[in-house]
Amino acid sequence: MAIPSAFSLASTYQRPRWVLPIIVFAQFACTSLWFAGNAVLPDLLRESGLTGTSLGAVVSAVQLGFIVGTLAFGLLRLADRVPPARLFMGCAVLGSLTNAALLLPGTTAATVLGLRFATGLCLAGIYPVGMKIAADYYENGLGRALGYLVGALVLGTALPHLLRWLAAGFAWQAVVLATSGLALLGGGLLWGLVPSGPFRRPGVRVRLSAAWNVFRERAFRQAVLGYFGHMWELYTFWAFVPLLLATHAQLHPEAGPVSPAWAFGLIAAGAPACVAGGYLARRWGSLGTARVALAVSGVCCLLSPLLLALPRPAFGAGVLVWGMAVVADSPQFSAVVAQRAPKFATGTALTLVTCLGFALTIVSLQLFAALQSVLEARYLFLLLVPGPVLGLLATRGSAKKPVAE
């Protein structure tokens, strides 16, 4: 009697309906360590004696920790060698502890920076590993699944702007404890309810050269370069949304100041856009959907001086489209990267690509910040144009053979 292959078993596997909601909730809950903590940083920095530009240093510490963590995880191929739910849970627990440790008495500048760096390290086992878990369950329809996951991440990114309004009157320590508890809950639910998926291919022993071999395939490189073009724009846009809104208010004083709720709305609008993009990918393919979103956001970058010249209602509509398009391509590029990577190295590929993409965001952010004193604010967002342009050029040839959903 023939023994059924792993592939045949996976193809007939009926995944529980709670798998995707649990992964999405766990992703949002655990990445709250990254973004929701920003809402309490001014109070934390004031009590720790950190002032002035130290807020930027604390945020950069998280980013640097994430980059170092993803690089180490990628080189060691942990996401392919260790059951991903176990890795996710371990990083959620450690991240929760490093976040809660901000409340310890006698906190100094060095300890704050060190703890935020450690939290970034832990996030390296949460964000890309969450995508890896989704890829292990959704070989078909991965773009739709990642649309929900990145949508959860977008809501986490927008959360500080909402918390700044909602948390008025509450002790900042309560926010720290809440985010730590939320991370523990998310990690525990995923570990307990989402075992290794049917499409998981356990990795082989560690070989440092093998980690970079995933970049040899031309189709894979095209997807990666498209993702890099998207990342050049995304986090710089998110970081400087308040500047964009303030610039419009300065150019149109008759319209009055712009409420902080606008910043939340513009970023949060990307969440439903990610979900909608996942469904469009079933018709157009993940790469086709990503290219359309990248082109729309690129046009918005190019027209940013004109958008800032528009009256408030028209400006609001334009930047809302921008806020949706700027991130709608993210899950689809991740899906293409996962689908074009070798099956035995999906986790490694996602982790390394995420690492390099976030490293690129630091370059974009620092360049943008450095030129603020040189360029008029209305022209600054033109600096984001090269990302979408290069991303579209890099994926032009591969668009003729879209990845099936």
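The values are calculated or read from the model by the stated rules, or taken from the named source; none is laboratory data. Nothing here was measured: the structure is a model prediction, and the numbers come from that model. Backbone-built Cβ (ideal geometry, glycine too); neighbour counts: all protein chains shown.
Residue under question is A261, and the condition is that it be at pLDDT below 85 and under 21 Å from V385 (Cα atoms); does it hold? Considered against the rule, which asks whether it is at pLDDT below 85 and under 21 Å from V385 (Cα atoms), A261 comes out as no. Put simply, of L320, L266, L306 the only residue that is out of contact with any Cys (no Cβ under 7 Å at 6 or more places or on another chain), assigned by TED's automatic domain parsing to the domain that holds G391 and crowded, with 17+ Cβ neighbours inside 10 Å is L266.
Tell me yes or no: at least one residue of region 92-99 is over 16 Å from A26 (Cα atoms), surrounded by fewer than 16 Cβ atoms within 10 Å (Cβ to Cβ) and either touching a helix residue (DSSP H, G or I) at 6+ places or on another chain (Cβ under 8 Å) or not assigned by TED's automatic domain parsing to the domain that holds A171 (or both). No, the conditions are met nowhere in region 92-99. For V204, the stated conditions hold: it is touching a Phe, Trp or Tyr at 6+ places or on another chain (Cβ under 8 Å), β-branched (V, I, T) and either assigned to a helix (DSSP H, G or I) or modelled with pLDDT under 80 (or both). So, L45, is that one within 21 Å of A178 (Cβ to Cβ), surrounded by fewer than 21 Cβ atoms within 10 Å (Cβ to Cβ) and modelled with pLDDT of 85 or more or not? For L45, the condition - within 21 Å of A178 (Cβ to Cβ), surrounded by fewer than 21 Cβ atoms within 10 Å (Cβ to Cβ) and modelled with pLDDT of 85 or more - is not met.
Determine whether region 100-116 contains at least one residue that is among the small types (G, A, S) and buried (at least 24 other Cβ atoms within 10 Å of the Cβ). No: zero hits.
Only residues that are outside any helix (DSSP H, G or I) and either under 14 Å from V59 (Cα atoms) or at pLDDT 90 or above (or both) were counted in region 90-116, giving 0. Of the candidates S330, S297, S373, the single residue that is among the polar types (S, T, N, Q), closer than 20 Å to A145 by Cβ and not assigned by TED's automatic domain parsing to the domain that holds G130 is S330. Kindly indicate which of G265, G277 is assigned to a helix (DSSP H, G or I) and closer than 14 Å to L153 by Cβ. None of the other options fit; the residue is G277. Between L371, L367, the distinction of being within 29 Å of G125 (Cα to Cα), free of Cβ contacts under 8 Å to residues at least 24 places away in the same chain and loosely packed, with under 15 Cβ neighbours inside 10 Å belongs to L367 only. The set of residues in region 242-262 that are assigned to a helix (DSSP H, G or I) and polar (S, T, N, Q) comprises T247, Q250. Do we find a residue being modelled with pLDDT under 85, over 25 Å from V58 (Cα atoms) and part of a helix (DSSP H, G or I) anywhere in region 349-358? Yes, region 349-358 contains a residue that is modelled with pLDDT under 85, over 25 Å from V58 (Cα atoms) and part of a helix (DSSP H, G or I).
Per the conditions (1) in a helix (DSSP H, G or I); (2) hydroxyl-bearing (S, T, Y); (3) in the same structural domain as L162 (by TED's automatic domain parsing); (4) at pLDDT below 75, the sole criterion not satisfied by S8 is (3).
Whenever a residue of region 244-265 is over 20 Å from L303 (Cα atoms), its partners that are of a type outside the set (A, V, I, L, M, F, W, C), lying with C-beta atoms within less than 7 angstrom and at least six residues away or across chains, give the pairs A255/R312; V258/H248; P260/H161; P260/R164; F264/H161. If you check V129, V150, V154, V176 for being out of contact with any Ser or Thr (no Cβ under 6 Å at 6 or more places or on another chain), modelled with pLDDT of 80 or more, buried (at least 21 other Cβ atoms within 10 Å of the Cβ) and under 21 Å from A263 (Cβ atoms), only one passes: V154.
Scanning region 376-405 for residues that are in a loop (DSSP other than H, G, I, E, B) and modelled with pLDDT under 90 yields R396, K401, P402, V403, A404, E405.
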